[in-house]
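K.L.:
Below you'll find the structure I mean.
The values are calculated or read from the model by the stated rules, or taken from the named source; none is laboratory data. Everything numeric in this text was worked out from a predicted model, so none of it was measured. Here the Cβ is made from the backbone with ideal geometry for all residues, glycine too, and neighbour counts use every protein chain on show. We work out accessible area using only protein heavy atoms, side chains counted, and drop any ligands, DNA or RNA first. Shrake-Rupley method; radii C 1.70, N 1.55, O 1.52, S 1.80 Å.
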Amino acid sequence: MSGTGSVEELGAHAARARAVALLRIRGRATALAILPAAAAVVLLVASAQGRIAGVWSTVSWAVTACAVVVLLLAAGVAVAVARARPAVSPTVPLTETAAPDLYRLVRDLADRLDVPVPSAVALTPDCDSWLEDRTHPAAQPGVKALGGRAGIRRGRRVPAAPVLVIGSPFLWWMRVAELRAVLAPVVAGTGPAAHPDIAAARRFVRGLDAAVADASLPGRGRVRGLPAAFVGRIAGMLLRGCRDHASEMERCVAASASGRAHEVDYGLRIAAQEQVGLAYAGWDRLLTRVALPAWRMGRWPSRLDAGVVSALTELSRRDRLAEGFTSRLGERPACDLIEEPGAADEAASLLAARLFHGGPAEPGPGWSPVDWQQYPEEVVDRKWRTEAARLHRVLDAMGVAVNVSVGAPGAAAADGSAVPTLARVIDHLATPGADSEALAAGIGAAVARDEEKATPRPRASSGGGTAQESVGGDHLDLWGPVPPPLFPLQPPRTGTELLADHVVAMVCCAAVDTAGAAPGLDWLDGPALLVDGGRRSDLGAPVLTLVEDGDSEPLLSWLTSVGVRTDKPVRLG
């Protein structure tokens, strides 16, 4: 027996053992539920045969009543667990028509690994890949997978093969051979998933988890809430008893799948794992620094996956540890395996906006896509103008003078024809005793009000198809028409952070209007100020010095070096 074979077989054996342990927990729970009924049957039979009488006859009827109640409660819990809908990851489905080459790659992998072929392929806007069982209700007859293999093995039916979920950034950044190497251990997991004991154990655990989640849903009255709470309590007790066995079973399943895939592109898989780490770093920067500012304005970049290639190429250029990675770009990208990569990218980009920021499932008023070519003008410049206008509105509400000069802090404003200038902001923050905390609090409140007003609202679905329909149908809508973000990218910003952001925006507006600067896009850092064609990344420190310490000298020196006129009016959004 080879070393690889030993790892695979030991992992599979251990996974089956843990699955049997989980099924024993289910069996014990069932036995506990029918134990009063068994006792009642014994007592009733004994009473009918005259073996017991008197008080024991009364006891037998009491036990029978208790058994009926327990059976009814147990049946109710069993039905609730069986009907509970397990959580399904939000994804963008890909039909074989939309991605024939990708399906062919997955089918060939399954054939090489001698495992069932995944039932379908879907995309997730994240840097991860996994198998997901989407059969519901729990008991499903065997069905054909995407490779055409019947769902009958060795004379018995097996559950439908799970869906292969692939991280969309992988498709755009990785080459075809790298993607195949990364997917090999994932696809190998369909082998353990087809084992009846493991499949049954997984259904049992998923049902318990779904029942606990259903019991925690708000909005139920007392009539429905009490039964749901009871079911959730029982399911939670069982789930806690299953936790160790379930986690160990999944660990063993992963070890078995990895062992099976050991000989498939193993050398290339080691190199491809470096690309996985790089993709995750670039994807995170792209979402938090590039996509998030657009989402907050009601715009969603429609080519996030294409943007990750630019971001990672830039990261490779800046990071000496990543030198040589760009040479891979001459090889065939994995996104070529999709017939319409642009449509798939758009669908994944919209889903990313819903997951990480919230919003409706379709474009509409206040929630529209933006191309990368339009990003500097329609997102960066608009963001700066909007924040600069908000800053001056708060200053107006605080009664801060308008047309003051740098050399005369706190000078009174003239009545009538007043215009917003950068000097007004600098002078207020540099004035001794200025209440910057009140300004920060005012901006925080204004941001909350503006974001509430700008929350995208759902619109009726139009007759035309959406990007998701073009790549294989609508993805599951699990959150309602205007959901909150399921996975927020950043915690709420503090008042000081918001104030600093707004002052930076005001400085950038002044630089564009008075010094010939321009808005730009940095793939790793987001909105950027371009001066003489080059990015100026040294603005944050002098602005923080002004906001936190009231010292305007560093910022004034920076403005002088760029040629910004603080006394000139600035166009606000």
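K.L.:
Given a 1.4 angstrom probe, I'd like the percentage of the accessible area of the stretch 27-107 that is carbon and sulfur, rounded to a whole number. Mind dumping the intermediate values first?
P.N.:
On the way: 3400 of 4670 Å².
That fraction is 73 percent.
K.L.:
If I take R0 = 25 Å and measure r between the Cβ atoms of Asp336 and Thr288 in this structure, what FRET efficiency does the formula 1/(1 + (r/R0)^6) give, to the nearest 0.05? List each step's numbers first, then the result.
P.N.:
Working: r = 28 Å, r/R0 = 1.13.
Efficiency for this residue pair is about 0.30.
K.L.:
Moving on. At 1.4 Å probe size, with the rest of the protein present, what percent of the exposed accessible area of the stretch 530-573 is carbon and sulfur atoms? Provide the component values of the computation, followed by the final result.
P.N.:
Numbers: 1140 of 2450 Å².
It is 47 percent, rounded to a whole number.
K.L.:
Here's something else I'd like to know. Between Ser216 and Val59, how many nm apart are label points set 7 Å from Cα along the C-beta direction?
P.N.:
4.4
K.L.:
Same structure, new question: Taking a probe of 1.4 angstrom, what is the accessible area of Phe356 in Å², to the nearest 10?
P.N.:
Accessible surface of Phe356 is approximately 20 Å².
K.L.:
Continuing with this model, one more query. Can you give the FRET efficiency for Val20 and Arg328, using 1/(1 + (r/R0)^6), R0 = 51 Å, r = Cβ-Cβ distance, to the nearest 0.05?
P.N.:
Numbers: r = 45 Å, r/R0 = 0.89.
Efficiency for this residue pair is about 0.65.
K.L.:
Determine, for each peptide in 66-72, 193-199, the mean count of other beta carbons within 10 angstrom over its residues, then list the peptides with the highest first. List each step's numbers first, then the result.
P.N.:
Values: 66-72: 14.4, 193-199: 19.7.
By packing density, highest mean first, the sequence is 193-199, 66-72.
K.L.:
List the residues whose amide H sits under 5 Å from the amide H of Ala528, counting only those 5 or more places along or on another chain, with H placed 1.01 Å from N in the peptide plane.
P.N.:
Residues meeting the amide H criterion: Gly520, Leu521, Asp522.
K.L.:
Right, something else. Show me, for the stretch 530-537, the HN-Hα J-couplings you get by feeding each phi into the Karplus relation (A = 6.51, B = -1.76, C = 1.60, θ = phi - 60°), rounded to Hz, glycine and proline as x.
P.N.:
9, 10, 6, x, x, 7, 9, 10
K.L.:
With a 10 Å radius around each residue's Cβ, average the other Cβ atoms per peptide and rank 275-283, 225-233, highest first.
P.N.:
Working: 275-283: 19.7, 225-233: 15.7.
Averaged packing, sorted descending, gives the order 275-283, 225-233.
K.L.:
Accessible area, 1.4 Å probe, largest first: how do Met174, Met297, Met398 sort?
P.N.:
On the way: Met174 0, Met297 35, Met398 75 Å².
So, going from the largest accessible area down, we get Met398, Met297, Met174.
K.L.:
Turning to a different aspect of this structure: Describe numerically, in nm with one decimal, the distance between label points set 7 Å from Cα along Cα→Cβ at Thr30 and at Arg112.
P.N.:
Distance between label points: 4.1 nm.
K.L.:
Apply the Karplus curve 6.51 cos²θ - 1.76 cosθ + 1.60, θ = phi - 60°, to the phi angles in the stretch 560-573 and return the couplings in whole Hz, x for Gly and Pro.
P.N.:
With the stated coefficients, the stretch 560-573 comes to 5, 5, 8, x, 7, 9, 6, 8, 7, x, 10, 6, 9, x Hz.
K.L.:
Dipole of the stretch 5-80, Cα-centred, from +1 at each Lys and Arg C-beta and -1 at each Asp and Glu C-beta, to the nearest 20 debye? Provide the component values of the computation, followed by the final result.
P.N.:
Working: 6 positive and 2 negative charges, 19 e Å.
My answer is approximately 100 debye.
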